[in-house]
Each structure stands twice: as C-alpha cells, then as structure tokens.
Amino acid sequence: MSRKFVANGIGLGIFAVILAIAFIRPFSGDVEIVAGKDPQLVGEMRNFKLIKTRVSRPDFTWTDGDGKTISLADFDGKVVLVNYWASWCEICTRELPTVDNLQNMLGGEKFAVVAMNVDINGKGIAVRHMKRLALKYLDLYLDTPQTTMQRLGLQVMPTTYLFNQRGNLLGLIRGGAEWDSREAKALIQYFVDNPDYVNRFPNRERPDLSQKS
C-alpha cells in the first residue's frame, strides 16, 4: 500500500469525524443528541408520552412555600418540568432526589423544575419530607386543593409533565423515572433547542392524553 493512499485515507477519516461533530450539539458533558431529529424516547424516557396536539397554556395556579400565587406564565421562556409528588408515595420518594439533581444540573434561564406537592396536610409535611431527603435545589410548590392535578387529569403518582417555553404541554410520564439520567437531559435539550416543536400539530381545546406517542 502506497504512502499516498494511506495519507489520503487518514485525511478522509479526519474529515468524516469533523463532519459528524458538526451535527452533534451537546447539552452537557455526557449528553449528545443529533440536531433536527425527533425527540428520542429511549432508556429512562421510553415511557414518555408525546402530546401531538397544540393546546394553549393552562391558566391554573398554585402556591409557593411563602404562599405566593404562581402560574406557568411566571416561567415564560423556559421549558418547565412539573413533577407531582406526595410524602406517602414511595416511588415519589425514590424519584425526588433525581429531580433535585436535574434542577441543579440544568435549572437556569432556559429550564426549570416545579416539584408540586399534593399532600392534603399541606406545607408542614412537605417541608419535613424534603428535609429528610436532603433536597437542596428544589423550591417548595404546593397544590394543596389539588386543583392543578385535577385540571391535568392526573391518574397516577408520580406523574411528570413537560411544558414548552409558551406553556404548551409537550408530554408526560406516568410513574417514576430517573430525571438526572442521560436520556432525560437529552430529551429536555431537544425541546430547549426546538421551541416551535408543537407548531406541527393541530390546535385542540384539551390534549388527548390517551393517544400513544
């Protein structure tokens, strides 16, 4: 084999690597997704149900730990993950530390976590539970009247909903997941990078939560 052929082969290999990197957009050090593709529902996100309709931002409200009224409009411009939990829910207890890690890793100008407690006994039990789990990065949010979960038709605890930058519902997971996993971060990155994702779908007054992704 001639030296010229080997050199050309090496050059083509380097070019192929550079070209591949150009189409990969990392969110953090260990997450890579291919730009322009549909969201990848694999691994920890295999049970994520995409909502293939476009629904206006829900107008319901909840309160924070200080009693202030909060709505999704307060997070305008951010992808928002709303995680419903209760102190009596064992799966919630296992899941919450990963939700806390997710807020630590990705929370900021483009993404936020709303960990929504639905305990009937309210703030006191929620605060104690969060301290017991040593959660450091999640703010306390309360849906004590359980109005938001009723509006969303929540059926299983935990359930986690993902909203886009304008409050359109993107999808949900019924049951637990590891939200600090590589797959979860990649899915969030996809929606951060594709704020117009829902524009491909028809408008509806209410999302069809029965449809398959």
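List of remarks:
Rundown of residues vs (1) exposed (fewer than 15 other Cβ atoms within 10 Å of the Cβ); (2) assigned by TED's automatic domain parsing to the domain that holds residue 164; (3) within 19 Å of residue 187 (Cβ to Cβ), yes/no style:
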| position | (1), (2), (3) |
| --- | --- |
| 100 | no, yes, yes |
| 112 | no, yes, yes |
| 117 | no, yes, no |
| 120 | yes, yes, no |
| 129 | no, yes, no |
| 134 | yes, yes, no |
| 138 | no, yes, no |
| 144 | no, yes, no |
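- Residue check: residue 210 meets all listed conditions (1) part of a loop (DSSP other than H, G, I, E, B); (2) at pLDDT below 95; (3) hydroxyl-bearing (Ser, Thr, Tyr); (4) within 26 Å of residue 87 (Cα to Cα) but one, namely (4).
- Remark: pairs (first residue in the stretch 106-120, under 11 Å from residue 85 (Cβ atoms); second residue assigned to a loop (DSSP other than H, G, I, E, B) and not polar (S, T, N, Q); Cβ separation under 6 Å; 6+ apart in sequence or on different chains) = 115/138; 116/143; 118/86; 118/143; 119/86.
- Residue in the stretch 59-70 that is more than 30 Å from residue 121 (Cα to Cα) and at pLDDT 50 or above present: no
- Single condition residue 77 does not satisfy, out of (1) in contact with a Ser or Thr (Cβ under 9 Å, 6 or more places away or on another chain); (2) exposed (fewer than 14 other Cβ atoms within 10 Å of the Cβ): (1)
- Residues satisfying the stated conditions in the stretch 179-194, i.e. part of a helix (DSSP H, G or I) and among the charged types (D, E, K, R): 182, 183, 185, 193
- Matching residues, the stretch 48-60, being touching a residue at least 24 places away in the same chain (Cβ under 8 Å), surrounded by fewer than 21 Cβ atoms within 10 Å (Cβ to Cβ) and more than 16 Å from residue 195 (Cα to Cα): 49, 58, 60
The values are calculated or read from the model by the stated rules, or taken from the named source; none is laboratory data. All values derive from a computational prediction rather than experimental measurement. Here the Cβ is made from the backbone with ideal geometry for all residues, glycine too, and neighbour counts use every protein chain on show.
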